[in-house]
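The structure appears right after this line, and notes come after that.
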Amino acid sequence: MKTNMPSPAKVTSRDEWLAARKALLAKEKALFRELDALRAERRQLPWVRIDKPYVFAGPQGPCTLADLFRGRSQLAVYHFMLTPGSDHVCKGCSYIADHIDGARQHFEHADLAFAAISRAPLGQIEQVRRRMGWSFPWLSSNGTDFNYDFGVSFKPEDIAAGRATYNYGSQTIKSSEDMHGTSIFAKNERGEIFHTYSTYARGDEVLMGAFAWLDLAPKGRNEADGVMSWLRLHDEYEAD
Amino acid sequence: MTTHTTGTREEWLAARLELLDAEKELTRRGDELARQRQALPWVRIDKAYRFETDVGGATLADLFQGRSQLLVYHFMFGPDYKAGCATCSSIADGFDGIAVHLANHDVAFSVVSRAPLAKLQAYKRRMGWSFPWASSQGGDFNGDFNVSITETQQREGGVEYNYRREPAWQSRDDGGMANSMSGNPVADNAAMAGTDVATYIRERPGMSAFVREDGVIYHAYSTYGRGLDSLWGMYPWLDRAPRGRNETGVWWRRHDEYDKA
């Protein structure tokens, strides 16, 4: 629990602070407006019809992409990095997962269903889920094209040939067969399913509410030792 | 939903790549604002605030629990509320799981409200939350950080919320974060808190950040209204969904008050 950040430039009076704070507020408001515009632009993306019949393994048996909507017209999938046969549990994905059950109590009442999907077999998923105490639906795409089609898993031969790229080509994958991301799907009255959006890399950061809090803290994310180097699985922190 | 434009994978990808550039640009702008936030000057706190907590009376220093930074969520729960604000409750559902991460990164976290501790404890049990929640009842803390106003201030005006001076209050619908929403969010929230509108909006939502150095506590930052948007856990998900927030008023409820689907 060390801190590497310097003290602030100055300690000041309430009036001086207020003037600086109001100047920052104007910039914050400008960014809110731009974010609103960006969200509107995101909703304009065209949709791509999904014709491949993906089947996932879930605790209640096999289920299709359509089943994951559970009566809603929109579905968010979190691509949780869990590689078949590996005992490594991704800290960053777990950090995101710690936020999901709280949030989905609400957004699932706004016509948005949720599922986490990983390439590991179901038994491996269930083990992690029980350990971490999460209750969201979490399915296995093992043996399907799903993870590859949505840009979060990579074949060893593609990695070897330097053909495996992540986040729309911004990053070449050197070793990891699985990466993280979020994909959104929509279903119409005829039961057709469309892919509307996917995001990767820092695009998943807004799902980490704890970072939003740290961004308001005096020392910020305070990651001089490396991005998320301080982070642990929530049951692996030393007791106070 | 069915009238939405569809496209080929290639058409989608072209549009998506264009959007990605805009997303990356705003992510960088957010990073830059966080840097500017960290560069704000600090104001020394000399007042000896007192709180009631699960482990007894506490000072502001005690809320740091040995950390050098303290983040406070100002949860709207006035002494006359029958239940905690339902909107703050939906925000709290988003942050309940994160205190363990912050606590292990030199950041203490506490929710503070003006209702008496017993009321806060009962509501916290009902909602199943585990974050620390302190009562500031009887002290100046909420008033000094602009999240509670007295009946006199409400009647006479002149108080500041969200860095804006407010006129004397008349029955109207302008409760900070709620003023960008359609519908009647303040009245709906007041009803869910079991109180009238005037009583409900004598409390306001916000967050404040404090830092401690060599035994001295400083106030670093506060935000209100839409400044809390990034802390509201359900929105980053809805903001990626095709229909977005799709709001015509307050659709959310306390998590134990939704109709069983």
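A count restricted to region B:142-170 and to residues that are aromatic (F, W, Y) and either part of a helix (DSSP H, G or I) or over 22 Å from A:A23 (Cβ atoms) (or both) stands at 1. In contact with a strand residue (DSSP E or B) (Cβ under 7 Å, 6 or more places away or on another chain) and without any contact (Cβ under 8 Å) to a residue 12 or more places away in the chain: does that describe A:V77? So A:V77 does not fit the description; no.
Filter region B:36-49 down to residues that are more than 7 Å from chain A (Cβ to nearest Cβ) and of a type outside the set (V, I, T) and give me whichever is nearest to the chain's Cα centre (by Cα). Of everything passing the filter in region B:36-49, B:Y49 is nearest to the chain's Cα centre (by Cα). Taken over region A:207-227, the criterion of being without any contact (Cβ under 8 Å) to a residue 24 or more places away in the chain, out of contact with any Lys or Arg (no Cβ under 8 Å at 6 or more places or on another chain) and buried (at least 22 other Cβ atoms within 10 Å of the Cβ) is satisfied by A:A212, A:W213, A:A217.
Filtered by the rule that a residue be closer than 23 Å to A:Y148 by Cβ and part of a helix (DSSP H, G or I), region A:106-125 gives A:L122, A:G123, A:Q124, A:I125.
The conditions of being surrounded by fewer than 20 Cβ atoms within 10 Å (Cβ to Cβ) and over 22 Å from A:L65 (Cα atoms) are not met by A:E192.
Scanning region B:219-261 for residues that are among the polar types (S, T, N, Q) and under 18 Å from the mean Cα position of the chain (by Cα) yields B:S222, B:T223, B:S230. The set of residues from region A:40-69 being under 21 Å from B:H4 (Cβ atoms) and not aliphatic (A, V, I, L, M) comprises A:E41, A:R42, A:R43, A:Q44, A:P46, A:W47, A:R49, A:D51, A:K52, A:F69. Do the conditions hold for B:G97, that is, is it modelled with pLDDT under 95 and assigned to a loop (DSSP other than H, G, I, E, B)? For B:G97, the condition - modelled with pLDDT under 95 and assigned to a loop (DSSP other than H, G, I, E, B) - is met. Within the option set A:N167, A:N188, A:N147, being in contact with a strand residue (DSSP E or B) (Cβ under 8 Å, 6 or more places away or on another chain) and either among the aliphatic types (A, V, I, L, M) or on the phi > 0 side of the Ramachandran plot (or both) holds for one residue only, A:N167. Taking region B:21-73 as the range and being in a helix (DSSP H, G or I) and in contact with a strand residue (DSSP E or B) (Cβ under 8 Å, 6 or more places away or on another chain) as the test, the residues that pass are B:E23, B:R37, B:L60, B:A61, B:D62, B:L63. Pairs linking a residue in region B:107-130 that is crowded, with 23+ Cβ neighbours inside 10 Å to a residue that is of a type in the set (K, R), with Cβ atoms under 6 Å and 6 or more positions apart or on different chains, are B:V107/B:R67. Looking across region B:1-25, just one residue is within 7 Å of chain A (Cβ to nearest Cβ), farther than 24 Å from A:K187 by Cα and exposed (fewer than 15 other Cβ atoms within 10 Å of the Cβ), and that is B:A22. Only a single item in (1) crowded, with 22+ Cβ neighbours inside 10 Å; (2) more than 14 Å from A:D178 (Cα to Cα) is not met by A:R119, and it is number (2). One residue stands out in region B:232-250 among those that are surrounded by 21 or more Cβ atoms within 10 Å (Cβ to Cβ) and out of contact with any strand residue (DSSP E or B) (no Cβ under 8 Å at 6 or more places or on another chain): the one that is nearest to B:A48 (Cα to Cα), namely B:W232.
I need the full set of residues from region A:196-213 which are more than 7 Å from chain B (Cβ to nearest Cβ) and over 30 Å from B:T8 (Cβ atoms), in order please. Correct list: A:M208, A:F211. Please specify each residue of region B:220-231 satisfying the condition of being more than 7 Å from every other protein chain (Cβ to nearest Cβ) and either in contact with a Pro (Cβ under 8 Å, 6 or more places away or on another chain) or surrounded by 23 or more Cβ atoms within 10 Å (Cβ to Cβ) (or both). Residues satisfying the conditions are B:Y224, B:G225, B:L228.
Is one or more of the residues making up region A:73-88 part of a helix (DSSP H, G or I) and either more than 10 Å from every other protein chain (Cβ to nearest Cβ) or closer than 19 Å to A:M179 by Cβ (or both)? Scanning region A:73-88 turns up no residue that is part of a helix (DSSP H, G or I) and either more than 10 Å from every other protein chain (Cβ to nearest Cβ) or closer than 19 Å to A:M179 by Cβ (or both). The residue that is farthest from the chain's Cα centre (by Cα), counting only those in region A:7-52 that are in contact (Cβ under 8 Å) with a residue 12 or more places away in the chain and more than 7 Å from chain B (Cβ to nearest Cβ), is A:K52. Condition check for B:M76 on (1) more than 14 Å from chain A (Cβ to nearest Cβ); (2) touching a Pro at 6+ places or on another chain (Cβ under 7 Å); (3) assigned to a helix (DSSP H, G or I); (4) not aromatic (F, W, Y): one failure, at (3). Which ones in region A:178-189 are over 14 Å from the mean Cα position of the chain (by Cα), charged (D, E, K, R) and buried (at least 20 other Cβ atoms within 10 Å of the Cβ)? A:K187 - this is the single residue of region A:178-189 that is over 14 Å from the mean Cα position of the chain (by Cα), charged (D, E, K, R) and buried (at least 20 other Cβ atoms within 10 Å of the Cβ).
The values are calculated or read from the model by the stated rules, or taken from the named source; none is laboratory data. Since the structure is predicted, the reported quantities are computational estimates derived from the model, not experimental observations. With ideal geometry, Cβ positions are generated from the backbone for all residues, glycine too; neighbour counts draw on all protein chains shown.
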